[in-house]
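Asks: One structure, pasted below without further comment.
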Amino acid sequence: MSNQNNYNPDVLSCLANLSNDEVFTPPEVANAMLDLLPQELFTDPDAKFLDPACKSGVFLREIAKRLIEGLADKIPDLQERINHIFKEQLYAIAITELTSLLARRSVYCSKDASGKYSVSKFEKAQGNIFYTNTKHLWVGDKCLHCGASKSEYGDENRDGLESHAYQFIHNAIPGELENMKFDVIIGNPPYQMGVGNEGGNSSKAKAIYHHFISESIKLKPRYLVMITPSRWMTKQTEGIPDEWVENQIHSNHYKVIHDFGNSEDCFPGVSIMGGVNYFLYETNYKGKCEYFYHLESDKEVLKRNDYLDSKNAGIVLRDPKSYSIVEKIVSVEGNYFVDMKNNFSGLISPKDFYTNKQKLMSSWKNYSKEKDSVHSVKYYLNKAIHKMDFAWISKNDIPKNLETKDFHKVYIPAANGSMDIVLGKPFYGEPNSVCSQTYLVIGYDKSHNLSKEKCENIITYIQTRFFRYLVSIKKKTQNGPRGVYQFVPLQDFSKPWTDEELYAKYNLSPEEIAFIESMIRPME
């Protein structure tokens, strides 16, 4: 028979993801994560391993394979060795009842660990793979532990669906594990609580994976290995407090990180904006991180050895090529990115500049399609919703920042999902105009003192690939608040700008220019 006919794939490589929080880890990725650990752990009969977000059981299964081989000399009898490994070394907390059954079938070869088909017979059906239906702890409309909304995840709204109240982060660790000291905590935690009843990779979904990292660190394992979205390395990530990001990137306990710009290199068919990473966090280590950045499809791996936030910018400069480009800008501008007054983010308004929560959803419905004596202020609204570029409103309908309506300014979409265009197209905002929450305002402060000419020159700058590449360093979702402009230097806006002028100003090499232009498309 041909090799093709003999192909026998690992069943865990063939699983379809059940939902947003059940993104299964391929066995080859699980093994790459296990390779980060000191391999002598797999010859230690006292080493204990925990997967706190178990789905398919792939981590326990692959650990078991290594222990079965590594303990052969210390426990020669195979069945005795298997019993010791499964009962004394491997533990997990499943995220749903369904995944608990799947994991037991994968690890014990039986969903009933006490049954006759289990490779190691336990007294209880769950073995060491635990699952208990857990409740959220509501304080007002939010869960105290995970921040889930009661209006979406309260019992009365689930109608037989999972509560997504994960045991590990809801103070519901099984009693058998309460006082146990783990050498290794390893896993692929749920990534977010979605909008609507089920998840989804929505930009409005709230991140949850950082809670699993925090709770794991509290248990003080010798080693923590997890695979998560890479967005935790940047402040202003949805649902993750900036303080948490700051603490992590300055903890210096991250010893190794493998970062993938394209999530499909780890999870085929799964698109996660901003990519994913797996890391080795070592409790007793403090120092530089061995950082590997994997370009698309593993065609190239870039490596550096440095502190995560070596520039004190509040962000990990993930791609070493970004790092070198920013270094060249610093040689001209100084540490311009540390203070927003010294970079382009200082020109960008806060979110919802002209509106407030009361009028946010109504989008100022009192607008008129035609200008008249009452509706005399030009109003740039959401073209996709309203099917027109602008309308007219009364001055009295503007909730706040009325004084800026008469400034010369630039409007730019607050969100854009294209990774190679990065930003929506900017346009000139003439005096006597305002905008909806669809846009941010450039030149929102009187001190910016923009003219029409300067606004048009700013637009030329934004349209350069150089500008948009620097924004892409921080912008890893479709949302683009002013913080994503941190690495864009200010320019003299009495003149227009081209890429060629900017490349020359900052002495970029032909390789750096080619890299930027391979990442960013021209803006038409």
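The values are calculated or read from the model by the stated rules, or taken from the named source; none is laboratory data. Everything numeric in this text was worked out from a predicted model, so none of it was measured. Heads up, the Cβs are rebuilt from the backbone with ideal geometry, glycines too, and the neighbour counts pull from every protein chain shown. When the accessible area is computed, the model is the full protein with side chains, heavy atoms only, and any ligands, DNA or RNA have been set aside. Shrake-Rupley method; radii C 1.70, N 1.55, O 1.52, S 1.80 Å.
Asks: With each run of n ≥ 4 DSSP H residues scored as -39500 (n - 2.57), what mean residue ellipticity at 222 nm is computed for the chain after dividing by its residue count and rounding to the nearest 500 deg cm²/dmol?
Replies: -7000 deg cm²/dmol
Asks: Could you check the simple spin-label distance between GLU264 and ASN356, using points 7 Å along Cα→Cβ, in nm with one decimal?
Replies: Reported label-point gap for GLU264 and ASN356 is 4.6 nm.
Asks: Follow-up. Starting from the Cα of TRP392, step 7 Å along the direction of its Cβ; do the same at ALA415; then give the gap between the two resulting points in nm.
Replies: 3.1
Asks: For the chain, just the Cα atoms, rotate onto the principal axes and tell me the three extents in Å, largest first.
Replies: Principal-axis extents of the chain (Cα, largest first): 88, 56, 51 Å.
Asks: Over the stretch 120-196, with the other protein chains present, what is the accessible area per residue in square angstrom, probe 1.4 angstrom?
Replies: 47
Asks: Rank SER494, ILE75, PHE466 by how far each Cα sits towards the positive end of the charge dipole of the chain (+1 on Lys, Arg Cβ; -1 on Asp, Glu Cβ) and give me just the farthest.
Replies: Toward the positive end, the furthest listed residue is SER494.
Asks: Right, next: Compute the orientation-averaged projected area for the stretch 410-524 from the convex hull of its Cα atoms and round it to one decimal in nm².
Replies: Directional mean of the projected Cα hull area for the stretch 410-524 stands at 7.1 nm².
Asks: Shifting gears a bit: Indicate, rounded to the nearest 5 percent, the antiparallel portion of the DSSP beta bridges found entirely in the chain.
Replies: Taking every DSSP beta bridge within the chain, about 65 percent pair in antiparallel fashion.
Asks: Would you list which aspartates and glutamates come within 17 Å of LYS495, measuring only between C-alpha atoms, while excluding same-chain residues fewer than 8 positions from it?
Replies: Partners found: GLU453, GLU456.
Asks: Right, here's the next one. Would you mind calculating the gained length between LYS328 and ASN507 on full extension (0.36 nm times residue separation, minus the Cα-Cα distance), in nm to one decimal?
Replies: Once the chain is fully extended between LYS328 and ASN507, it gains 63.7 nm.
Asks: Still on this structure, please answer the following. Can you flag which of LYS48/LYS255; LYS220/LYS321; LYS218/LYS351 are past 25 Å Cα-Cα?
Replies: LYS220/LYS321; LYS218/LYS351
Asks: Tell me the Kirkwood radius of the stretch 74-162: reciprocal of the mean inverse pair distance over distinct alpha-carbon atoms, in Å.
Replies: 15.1
Asks: Could you give the accessible area per residue of the stretch 321-449, probe 1.4 Å, as a whole number in Å²?
Replies: So the stretch 321-449 comes to 50 Å² accessible per residue, rounded to a whole number.
Asks: If the chain between GLU517 and HIS250 were fully stretched, how many nm would it gain, using 0.36 nm times the residue separation less the Cα-Cα distance?
Replies: Roughly 92.9 nm would be gained on extension.
Asks: With the crude spin-label approximation of a point 7 Å out along Cα→Cβ, what separation in nm comes out for GLU176 versus ASP492?
Replies: For GLU176 paired with ASP492, the spin-label model returns 7.3 nm.
Asks: A further question follows. Just to be sure I follow: if Rg is taken over the C-alpha atoms of the stretch 269-374 and Rh is the Kirkwood radius over the same atoms, what is Rg/Rh?
Replies: 1.17
Asks: What Kirkwood radius, in Å to one decimal, follows from the Cα pairs of the stretch 70-112?
Replies: Result for the stretch 70-112, one decimal place: 11.5 Å.
Asks: For the chain, what % of the accessible area comes from carbon and sulfur atoms, probe 1.4 Å?
Replies: Percent of accessible area from carbon and sulfur atoms in the chain: 49.
Asks: Principal axis extents for the stretch 335-455, Cα atoms only, whole Å, descending order, please.
Replies: So the three principal-axis extents are 49, 32, 29 Å.
Asks: Here's something else I'd like to know. How much length, in nm to one decimal, is gained on full extension between LYS65 and ASP372, taken as 0.36 nm per residue of separation minus their Cα-Cα distance?
Replies: Between LYS65 and ASP372, full extension yields 102.8 nm more.
Asks: While we're on this one: Please report the accessible area of LYS454 (heavy atoms, 1.4 Å probe, ligands and nucleic acids excluded) in Å², nearest 10.
Replies: 70
Asks: List the aspartates and glutamates whose Cα lies under 14 Å from the Cα of LYS288, skipping any in the same chain that are fewer than 8 positions away.
Replies: ASP306, ASP309
Asks: Consider just the alpha-carbon atoms of the stretch 216-325 and return their Rg together with their Dmax, both in angstrom.
Replies: 13.5, 39
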